[in-house]
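Take a look at the structure set out below.
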Amino acid sequence: MKRRKRPVKLAIIGTGGMANAHAERFAKVEGCQIVAACDVDIERAKAFSEKHRIPKAYASAEEMIVKSKCEAVTIVTPDPYHKPLSIQCLEAGLHVLCEKPLAVTYPDARKMVAAAKKAGTINMVNLSYRDWPALQAVACLVQSGGIGEVRHVEASYLQAWLASKIWGDWRTTPAWLWRLSSQHGSKGVLGDVGVHIVDFATFPVGPISSVYCRLKAFNKAPKNRIGEYTLDANDSAVLNVEFANGALGTIHTTRWCGGHANRLFLKIAGTLGTVEIDSDRSTTSYRICSGENLDTGIWTEVESSETPNNYQRFIDGILTRTNDQPDFARGAAVQKVLDACFVSDAEKRPVKI
Ligand SMILES: NC(=O)c1ccc[n+]([C@@H]2O[C@H](COP(=O)([O-])OP(=O)(O)OC[C@H]3O[C@@H](n4cnc5c(N)ncnc54)[C@H](O)[C@@H]3O)[C@@H](O)[C@H]2O)c1
């Protein structure tokens, strides 16, 4: 494939916690030059730019797009700003990597997909566990029939930060408090990391055809309120799902699981074998019980080959003019499942996707 020689001039929108990972990862990608960063808090943008040796800091995306001459952006703001900023950047003809969740609702996500199609630029959503070699290898294996017909799926994403101070005190930290408040655009644990585990399960297994979901926000403070934040967004989500291929599964996630800072687990059982990823054990290898081992229940560990991360895929996509996965359309497909979960919980019934 013909590859452009000139480096991609990239700018970062939003310079909070996760933006540090973007700056560090993009700095390591060959063919990428970070030219600017912006944040509505200009002091934060300046400190961030100094820390990561980024030449320019701006107080708004608008100003940065005009002045920095960037050709690509990575959007790392809180969730409600993903849609307006993505559309603004796409309309300016820029390539866009957007943090997950792509949007706050499926209709919004569809508008972003339409804007990306119209712009014709590279679009990706940072479903970051695609970076794990174990997931890429398991997806390849399952999609090629390596465990036969899929019958059963067990997937979970467990975090501990509400039950501990493992990532600091959420009661006093705005970056955690906005994630607990629907007024601040949060869709709770389901929107925050449920989006990851739905992608993690459906990437290898294929789409979900129906979901029956329970969501719960537990009481966490007097009147469930801290300062300007009403703590009403869900902390736990449990999904019973059926996949389009007929398999049944459970997908669940919570922020209340002390002992697991950030654990993703996936077990896929098929007619010819079962595979398992447990991130507390490894993200580069998976376990499998298949073939003649099925009769003895013996599991073997398989080391997976390296895979490019989303940051690399995004820059490579620009340099070679090919849109890699996960793209905006994929982000929207996952969002559709999340929207169905909210309907299912509210109406206490299974919802077809
Ligand atoms: N892919 C992952 O694994 C992963 C991990 C963590 C966070 N995230 C996502 O990254 C995003 C940011 O999360 P975070 O933890 O960094 O949040 P954060 O609150 O630490 O930082 C967000 C920053 O965006 C700035 N901001 C808000 N509106 C803006 C605007 N219109 N223009 C420019 N800057 C603006 C804020 O001032 C803040 O500095 C969220 O969407 C979150 O879901 C993804």
**OP:** Take each complete run of DSSP H in the chain, measure how far its Cα atoms stretch along the helix's own axis, and keep only those covering 24 Å or more with mean Kyte-Doolittle hydropathy at least -1.0; list them.
**Re:** 328-347
Original post:
So which residue, out of 27, 163, 332, gets the largest mean-square fluctuation from a GNM of the chain using Cα contacts under 10 Å as springs?
Top reply: 163
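If you take every residue apart from residue 240 with its C-beta less than 13 Å away from the C-beta of residue 240, what net charge results, scoring Lys and Arg +1 and Asp and Glu -1?
Working: positive: 214, 348, 349; negative: 154, 242, 345.
Every neighbour counted, the sum reads 0.
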Original post:
Can you give the net charge of the other residues whose Cβ lies under 12 Å from the Cβ of residue 329, counting K and R as +1 and D and E as -1?
Top reply: +3
Original post:
Under the classification rounded if a/c is under 1.5, otherwise prolate if a/b is larger than b/c and oblate if not, where does segment 1-105 fall, given a ≥ b ≥ c as square roots of the Cα gyration tensor eigenvalues?
Top reply: rounded
Original post:
Roughly what % of DSSP beta bridges within segment 110-256 run antiparallel, to the nearest 5?
Top reply: 70 percent
Subject >> Of 123, 245, 309, the one that fluctuates the most in a GNM where the chain has Cα springs shorter than 10 Å >> reply: 245
Original post:
Tell me, 278, 169, 232, 108 in order of fewest to most beta-carbon neighbours within 10 Å?
Top reply: 169, 232, 278, 108
Original post:
If the cut-off is 20 Å between C-alpha atoms, which lysines fall inside it for residue 28, apart from same-chain ones fewer than 8 positions away?
Top reply: 5, 9, 51, 56
Original post:
Counting Lys and Arg as +1 and Asp and Glu as -1, what is the net charge of the other residues whose Cβ lies under 15 Å from the Cβ of residue 101?
Top reply: +2
Subject >> Length-normalised contact order for segment 204-353 - Cα pairs under 8 Å, 6+ apart - percent >> reply: 25 percent
Subject >> Of 262, 234, 224, the one that fluctuates the most in a GNM where the chain has Cα springs shorter than 10 Å >> reply: 224
Subject >> Beta bridges by DSSP in the chain, antiparallel share as percent, to the nearest 5 >> reply: 60 percent
Original post:
Tell me, what is the percent relative contact order of the chain, built from C-alpha pairs under 8 Å that lie six or more residues apart?
Top reply: 20 percent
**OP:** When a/c is below 1.5 the answer is rounded, else prolate if a/b is larger than b/c, else oblate, so apply that to the chain with a ≥ b ≥ c taken from the square roots of the Cα gyration tensor eigenvalues.
**Re:** oblate
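Nearest 0.05, what FRET efficiency do residue 301 and residue 62 give at R0 = 41 Å with Cβ-Cβ as r?
Working: r = 51 Å, r/R0 = 1.24.
Plugging the Cβ-Cβ distance into 1/(1 + (r/R0)^6) gives 0.20.
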**OP:** Restricting attention to the chain, give the cysteines that have no other cysteine Cβ less than 4.7 angstrom from their Cβ.
**Re:** 32, 38, 70, 89, 98, 140, 257, 289
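Readers should treat all values here as calculations from the given coordinates under stated rules, not as data from a laboratory. All values reported here derive from a predicted model rather than from experimental measurement. Reconstructed Cβ throughout: ideal geometry from the backbone, glycine too, with neighbour counts over all protein chains shown.
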